[in-house]
Structure formats: structure tokens, C-alpha cells
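S.K.: There's a structure below that I have some questions on.
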Amino acid sequence: MNYFKQTLRELQIGVIILGVLNIVIGMWFPKSMIQYVLGGLLGTVTALVMTDNMARAIVRAVSDEQKATARIRIAFFLRYIIAIVVMVVACVSPYVNPIATFIGIFSLKFATYLTPLIHKINLKINPNSLESDGSEDCEEEQNDSESVAIGR
């Protein structure tokens with residue numbers, strides 16, 4: 001479970017990095033910098049909420065296998081409803097740039113591609129804080145199964 005939490009944290013770090021890049025790069029182009037910053041913040045926070053919702057749905061689905069499919073579908077639709085509501089608010093509100101909001105929400109998709117890179121950087125910065133990816137456990141199980149096959 002710790003590896004799951006670490007992966008979630010790395011995904012959220014990717015969302016934050018992309019959200020900051022969205023704000024820093026994009027705020028120089030539109031007419032109103034404040035609207036763009038607010039839109040970027042709204043989109044990034046929405047993406048973070050969506051990652052948390054996704055993680056909770058996975059934990060619930062794993063704990064109850066009989067209702068797993070239904071729980072995953074409900075969480076999926078909830079995330080899309082959240083995204084739609086936030087985009088409607090961004091489009092209606094004069095204080096928020098909807099393009100920046102969309103890019104912030106969409107940063108969740110791109111952050112998934114950044115997660116392996118963030119994981120490698122995280123391992124180099126602090127190798128003791130991260131749990132193994134389970135490969136040692138697989139090797140131990142393989143050695144145990146070989147021992148059983150040999151008869152030890």
C-alpha cells in the first residue's frame with residue numbers, strides 16, 4: 001500500500017509541476033494575467049481533487065471485489081461531472097480564464113507520463129524514503145517456488 005501512496009504522491013507532484021508551468025508560461029499571453037492565474041489554479045486544484053478521487057475509488061474497489069466495477073464507474077462519472085461543472089463555472093465566470101482551467105484539468109493526463117521521471121528523480125534525491133516496487137518480493141517468491149520444486 002505504501003507504494004500506491006508514493007505513486008499517487010508522484011502523480012500529484014506531476015500535476016503541480018505542470019500546473020505551475022501552465023501558470024508561469026501562460027500568464028504572459030492573455031490580456032488579463034490575473035484571470036489566467038486564477039484559471040490555472042482552479043484547473044490544477046481540480047486535477048488534484050480528481051487524483052484523490054481516483055485513488056480512493058481504487059482503494060475501495062480493491063477492498064470490495066464484488067462491487068469493484070460499480071464503484072469504479074461511479075467514481076469515473078463523478079470525476080467527469082466535477083470537470084464539467086468546473087469548466088462551466090470557468091466559462092461563465094468573468095474572473096477565471098477557461099483555457100487555463102482546461103489546461104490545468106488536462107494536466108492530469110500529462111502528469112501520468114511524467115510519473116516515471118518523477119519517480120527516478122525521487123529515488124535519486126531520497127532513496128531511503130521510497131519503498132521497493134515489489135520486485136524483491138517476486139524474486140523471493142520465485143526462489144521459494146524453485147526450492148519447493150527441487151525439494152528443499
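The values are calculated or read from the model by the stated rules, or taken from the named source; none is laboratory data. Everything numeric in this text was worked out from a predicted model, so none of it was measured. Methodologically, a virtual Cβ is constructed for each residue, glycine included, from the backbone with ideal geometry; neighbour enumeration extends over all protein chains shown.
S.K.: When region 92-109 is examined, which residues are found to be loosely packed, with under 15 Cβ neighbours inside 10 Å and assigned to a helix (DSSP H, G or I)?
M.R.: V92, K109
S.K.: Tell me, which residue of region 14-36 that is buried (at least 19 other Cβ atoms within 10 Å of the Cβ) and within 17 Å of F110 (Cβ to Cβ) is modelled with the lowest pLDDT?
M.R.: G26
S.K.: Here are I118, I125: which of them is of a type in the set (A, V, I, L, M, F, W, C), under 21 Å from V20 (Cβ atoms), loosely packed, with under 12 Cβ neighbours inside 10 Å and modelled with pLDDT under 90?
M.R.: Testing whether each residue is of a type in the set (A, V, I, L, M, F, W, C), under 21 Å from V20 (Cβ atoms), loosely packed, with under 12 Cβ neighbours inside 10 Å and modelled with pLDDT under 90 leaves just I125.
S.K.: Would it be correct to say that V59 is in a loop (DSSP other than H, G, I, E, B) and hydrophobic (A, V, I, L, M, F, W, C)?
M.R.: In short, no.
S.K.: Just to be sure, is T46 out of contact with any His (no Cβ under 9 Å at 6 or more places or on another chain) and of a type outside the set (A, V, I, L, M)?
M.R.: Working: out of contact with any His (no Cβ under 9 Å at 6 or more places or on another chain): yes; of a type outside the set (A, V, I, L, M): yes.
So T46 fits the description; yes.
S.K.: Name the residue that is farthest from F110 (Cα to Cα), counting only residues in region 37-93 that are among the aliphatic types (A, V, I, L, M) and touching a Gly at 6+ places or on another chain (Cβ under 7 Å).
M.R.: A90
S.K.: What's the number of the condition V148 fails, among (1) within 21 Å of the chain's Cα centre (by Cα); (2) at pLDDT below 85; (3) not in a loop (DSSP other than H, G, I, E, B)?
M.R.: (1)
Residues are listed down the side, and each one gets a yes or a no for (1) without any contact (Cβ under 8 Å) to a residue 60 or more places away in the chain; (2) more than 16 Å from the chain's Cα centre (by Cα):
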site: R9; (1), (2): yes, no
site: V15; (1), (2): no, no
site: V24; (1), (2): yes, yes
site: W28; (1), (2): yes, yes
site: T44; (1), (2): no, no
site: K67; (1), (2): yes, yes
site: V89; (1), (2): yes, yes
site: S93; (1), (2): yes, yes
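Yes or no, residue by residue, for (1) free of Cβ contacts under 8 Å to residues at least 40 places away in the same chain; (2) under 20 Å from L11 (Cβ atoms):
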| site | (1), (2) |
| --- | --- |
| G40 | no, yes |
| R56 | yes, yes |
| R73 | yes, no |
| F76 | yes, yes |
| R79 | yes, yes |
| T101 | no, yes |
| K109 | yes, yes |
